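Asker: Dropping the structure in here first, questions after.
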Amino acid sequence: MKTRKFRSLNLGKLTVVAAISLIIGIWIGAWWWVSNPSDFIKSLTTQPLADTFSSVNALFAGLACAGVLITIYLQMRELSVTADDLKKTAEANTATARAISDTALANGEMARASLKVAIHADERSVLDLFQVYCSQYFQDVKNSSMSVLIPCVASKEYFDFVVSRFFVADQLPLPPSCWGRVSKVTYSKSYEEFIIQEQHHRYKLDELINFFTMLTGRDNACEIILRCDFSYSWWRPLFWMIASQQERRINECPRVRAYATPLYFLKAVKKLDEIYGFEPFSSDAEMWDFIVHHPKIQSYNLDPAHGAHLSRSAV
């Protein structure tokens, strides 16, 4: 490849040198011709040498003019070709832009279709969860959960014990002293019977919390959640009690925080508030005022120790 370019370059140089040599040769030949005029030239003109040589100058001037005209013609052809190329390039760019636009529109349609599918899938999953919520099995889950939540309202000691059991570190023992208040709101006949049943009920409470956490994970199904009756107005004060105390314990106990997994229940409760149109609490004190004044909470023999450090008013 390099050899061909080198040969082409040499050929061009030789052509230029040959042309220059030819021109110089014509000039020298013309000088010699007019300097040694033959009888033939003398018979044609009697003009001086300079005037005779002017014809050669006129010849080269004409050739130069012709060269300029040829150059202009070639440049015009080149400009025409360039214009055609630019036109074709513009047409190609227009076609490319049109293709990109069509592709973008197609992608937009696909995105909208995918969103519709996702929304439909989320709505379908919510309906499936609602069927689970209404099932006989889950009725047992709700009943067992209430068997834990109501004693949590009645006894602050038992409440702290239950919350500690959501974490793997620094779990509190079940305090026998809580039985005095718990016995007033439980179906258990004795403390021993309560101990036997209590663990089973707490496992069901875990199921209930996980259920609502999964329910609020459907970002595209808020409308269908709102239209389904998940009895959130009943669960709300109890959920806020559990979720807020979970957050407080993980913030106050370094060992608990070191071994705990991320808390999703508080986010789930806030999401449920948003879906069902409840105003967010501006402070913990406002939240506890809502809890302690809630009619269902008061009917569960609320322990005055709940939120005593935050509530703005006594119960």
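The values are calculated or read from the model by the stated rules, or taken from the named source; none is laboratory data. Here the structure is a predicted model, which means the values were calculated and not measured. With ideal geometry, Cβ positions are generated from the backbone for all residues, glycine too; neighbour counts draw on all protein chains shown.
Asker: Could you go through segment 147-164 and let me know if any residue there is in a helix (DSSP H, G or I), modelled with pLDDT of 70 or more and of a type in the set (S, T, N, Q). Spell out how you get there, then give the answer.
Answerer: Initial filter on segment 147-164 (in a helix (DSSP H, G or I)): 147-154, 156-164.
Filter once more, keeping what is modelled with pLDDT of 70 or more: 147-154, 156-164.
In the following step, the residues that additionally are of a type in the set (S, T, N, Q) were identified as 147, 164.
Scanning segment 147-164, I find at least one residue that is in a helix (DSSP H, G or I), modelled with pLDDT of 70 or more and of a type in the set (S, T, N, Q), so the answer is yes.
Asker: Please indicate, with yes or no, whether at least one residue in segment 282-295 is within 23 Å of Lys142 (Cβ to Cβ) and among the polar types (S, T, N, Q).
Answerer: So far as segment 282-295 goes, no, none of its residues is within 23 Å of Lys142 (Cβ to Cβ) and among the polar types (S, T, N, Q).
Asker: State which residue is surrounded by the fewest Cβ atoms within 10 Å (Cβ to Cβ) when the search covers only segment 289-304 and only residues that are hydrophobic (A, V, I, L, M, F, W, C) and at pLDDT 90 or above.
Answerer: That would be Phe290.
Asker: Find all pairs meeting these conditions: Cβ atoms under 7 angstrom apart; at least six residues apart or on different chains; first residue within segment 223-237 and without any contact (Cβ under 8 Å) to a residue 60 or more places away in the chain; second residue outside any loop (DSSP other than H, G, I, E, B) and surrounded by 13 or more Cβ atoms within 10 Å (Cβ to Cβ).
Answerer: Partner pairs satisfying both residue conditions: Leu226/Ile275; Tyr232/Leu272.
Asker: Being at positive phi and assigned by TED's automatic domain parsing to the domain that holds Gln171, is that true of even one residue in segment 273-281?
Answerer: Within segment 273-281, one or more residues are at positive phi and assigned by TED's automatic domain parsing to the domain that holds Gln171.
Asker: Can you find even one residue in segment 182-190 that is surrounded by 14 or more Cβ atoms within 10 Å (Cβ to Cβ) and closer than 22 Å to Tyr264 by Cβ?
Answerer: Scanning segment 182-190 turns up no residue that is surrounded by 14 or more Cβ atoms within 10 Å (Cβ to Cβ) and closer than 22 Å to Tyr264 by Cβ.
Residue-by-condition table, conditions (1) charged (D, E, K, R); (2) surrounded by fewer than 20 Cβ atoms within 10 Å (Cβ to Cβ); (3) at pLDDT below 90; (4) more than 26 Å from Phe138 (Cα to Cα):
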| position | (1), (2), (3), (4) |
| --- | --- |
| Leu208 | no, no, no, no |
| Pro237 | no, no, no, no |
| Glu247 | yes, yes, no, yes |
| Ala308 | no, yes, yes, yes |
| Arg312 | yes, yes, yes, yes |
| Val315 | no, yes, yes, yes |
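Asker: Please find, among Val153, Val168, Val148, the residue that is in contact (Cβ under 8 Å) with a residue 12 or more places away in the chain and over 22 Å from Ala260 (Cβ atoms).
Answerer: Val153 is the lone residue from the list that is in contact (Cβ under 8 Å) with a residue 12 or more places away in the chain and over 22 Å from Ala260 (Cβ atoms).
Asker: Of Thr186, Thr261, which residue is among the hydroxyl-bearing types (Ser, Thr, Tyr) and touching a Pro at 6+ places or on another chain (Cβ under 9 Å)?
Answerer: Exactly one of Thr186, Thr261 is among the hydroxyl-bearing types (Ser, Thr, Tyr) and touching a Pro at 6+ places or on another chain (Cβ under 9 Å), namely Thr186.
Asker: So if I check each of Lys204, Lys184, which one is charged (D, E, K, R), modelled with pLDDT of 90 or more and not in a helix (DSSP H, G or I)?
Answerer: After applying the criteria, what remains is Lys184.
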